[in-house]
Amino acid sequence: QVQLVESGGGLVQAGDSLRLSCAASGGTFSNYDMGWFRQAPGKEREFVIAITWRGSRIDYADSVKGRFTISRDNAKNTVYLQMNSLKSEDTAVYYCAAKLKGNVDLRTSYDAWGQGTQVTVSS
């Protein structure tokens, strides 16, 4: 099973951009659809964005449409989350996850998770 490690989190100001990376190892990365979830303090972990194994389809949460995008480099076993026009409500721990099947926006569909990276947006 694939192992995932996120990086790139940090403290930014509202309106700034940030790019998160998620490096995979121990599995065949190109077989997996990849997603990003986030969890704010006191809230449930929620779906943010996902990309299919071939990169042919991207699904977005309404809250990030037009601001966030996802990409992947199967040669580097890495998926990226580009976050633009960040808002204070984007503050959360961001997790990348990998799945072979199931609905993109359901946590239970995902087979592997990273440890998370903190993103804090100050207003």
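Brief remarks follow.
- Some residue of the stretch 65-84 being β-branched (V, I, T), assigned to a loop (DSSP other than H, G, I, E, B) and under 19 Å from Y110 (Cα atoms): no
- Test: residue in the stretch 4-23 that is assigned to a strand (DSSP E or B), touching a helix residue (DSSP H, G or I) at 6+ places or on another chain (Cβ under 9 Å) and not aliphatic (A, V, I, L, M): no
- Restricting the first member to the stretch 3-21 and to residues that are under 23 Å from K76 (Cα atoms), and the second to residues that are among the basic types (K, R) and open to solvent by 30 Å² or more (accessible area, probe 1.4 Å), the beta-carbon pairs closer than 9 Å and six or more apart or on different chains are G8/R19.
- Check on G15, modelled with pLDDT under 95 and of a type outside the set (S, T, Y): no
- Residue among G102, G35, G42 that is in contact with a helix residue (DSSP H, G or I) (Cβ under 6 Å, 6 or more places away or on another chain) and either assigned to a strand (DSSP E or B) or open to solvent by 10 Å² or more (accessible area, probe 1.4 Å) (or both): G102
The values are calculated or read from the model by the stated rules, or taken from the named source; none is laboratory data. These figures come from a predicted structure and were not determined experimentally. Here the Cβ is made from the backbone with ideal geometry for all residues, glycine too, and neighbour counts use every protein chain on show. Side chains are part of the model used for accessible areas, which takes the heavy atoms of the whole protein and leaves out ligands, DNA and RNA. Shrake-Rupley method; radii C 1.70, N 1.55, O 1.52, S 1.80 Å.
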